[in-house]
Amino acid sequence: EPEVTQTPSHQVTQMGQEVILRCVPISNHLYFYWYRQILGQKVEFLVSFYNNEISEKSEIFDDQFSVERPDGSNFTLKIRSTKLEDSAMYFCASSGTGGTGELFFGEGSRLTVL
Amino acid sequence: GQSLEQPSEVTAVEGAIVQINCTYQTSGFYGLSWYQQHDGGAPTFLSYNALDGLEETGRFSSFLSRSDSYGYLLLQELQMKDSASYFCALNRDDKIIFGKGTRLHILP
């Protein structure tokens, strides 16, 4: 069964460092998303991406965040200068139908900022 | 903006039926989804209501009433493996917004 894969599963970094989280969405999906979840809290929308550009972003997704689809398979989230409060689980998701259907989530990348 | 409200915790007995309610405020949306998340895991899709009424998928059913801005997830024949967090979510144009989640505790 097709699945969304994310790397790394866990990353520890120092405050102020840049981090890149990687995702391989399901191959025939066209809509891609990043969400984050601080431990024990809700799943928060960060950004959606369609047709090689950002469709929508939340107020969390400020200038320190960026997304890219560098090739036909990968979808990345870059955090330029990490802060302590960026520590969270980051989930990538993809969808074949955008807002009208099911999101398929990856297993997540846990980011710990020290 | 959009907001969703659901109870933070619900407790039920194995074999019983439980209903998790969700109320929402939004200016427009395609439908209401439900996701399950076990501790340490990723959210997984359970159900989607684009239209008012009941959708049934095995032991799980979901209901939507647009006029009441209300939906619920119904879990029947509860099993211990159903212990998890359940999120309702609003499907909009380019994003799906999640509620804060309901932690379901199941007693043997």
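FYI, it's all coordinate maths here, none of it is from the lab. Because the structure is a prediction, the values reported are computed rather than measured. FYI the Cβ positions are ideal-geometry reconstructions off the backbone, even for glycines, and counts take in every protein chain you see.
Between B:I17 and A:Q41, the distance separating the two model label sites (each 7 Å from Cα on the Cα→Cβ line) works out to 3.7 nm. Ellipsoid semi-axes for the protein assembly as shown, based on the Cα gyration tensor and the rule √(5λ), read 30, 20, 16 Å when sorted largest first.
Converting phi to 3J(HN,Hα) with the Karplus coefficients 6.51, -1.76 and 1.60 and the offset θ = phi - 60°, the range B:61-69 yields 10, 9, 10, 9, 10, 5, 5, 9, 6 Hz in sequence order, with x at every glycine or proline.
Above 18 Å lies some portion of the pair distances; for the range A:32-86, what is it as a whole percent of all C-alpha pairs?
Beyond 18 Å sits 33 percent of the P(r) for the range A:32-86.
Only lysines eight or more places from A:K42 in sequence, or on another chain, were considered; those with a Cα closer than 20 Å are A:K57, A:K83, B:K95, B:K100. Across the range B:91-108, rounded Karplus estimates of 3J(HN,Hα) from the backbone phi angles (6.51 cos²θ - 1.76 cosθ + 1.60, θ = phi - 60°) give 8, 10, 3, 10, 7, 10, 9, 9, x, 7, x, 10, 7, 9, 9, 10, 9, x Hz, Gly and Pro being marked x.
Of the GluC sites (Glu not before Pro) found in the range B:5-96, those in coil by DSSP whose Cβ has at most 13 other Cβ atoms within 10 Å are B:E14, B:E77.
Please pull out the direction-averaged projected area of the range A:1-53, using the convex hull of its alpha-carbon atoms, in nm² to one decimal place. Write out the running numbers ahead of the final one.
Values: hull surface 21.0 nm².
So the Cα hull casts an average projection of 5.2 nm².
Note on A:T5 and A:N74: their simple-model spin labels are 1.3 nm apart, each label 7 Å out from Cα toward Cβ.
Extent of the range B:39-99 along its three principal axes (Cα atoms, max minus min coordinate, largest first): 34, 24, 16 Å. A Förster distance of 35 Å, applied to the separation of the beta-carbon atoms of A:E18 and B:D39, puts the FRET efficiency at 0.70. Taking amide H as placed 1.01 Å from N in the peptide plane, the amide H of A:S55 sits under 5 Å from that of A:S48, A:F49, A:Y50, each at least 5 places away or on another chain. Proximity of backbone amide H atoms, modeled 1.01 Å from N, is registered between A:Y31 and A:S95, A:G98 at under 5 Å, excluding neighbours fewer than 5 places apart on the same chain.
Dimensions of chain B along the principal axes, based on C-alpha atoms and rounded to the nearest Å, stand at 42, 28, 20, largest first. With a Förster radius of 30 Å applied to the C-beta separation of A:L84 and B:R59, the computed FRET efficiency comes to 0.10. Evaluating 6.51 cos²θ - 1.76 cosθ + 1.60 at θ = phi - 60° for every residue in the range B:41-53, the Karplus couplings come out as x, 8, x, 10, 5, 10, 7, 9, 10, 8, 10, 4, x Hz, glycine and proline recorded as x. Taking all C-alpha pairs of chain A, those more than 24 Å from each other amount to 17 percent.
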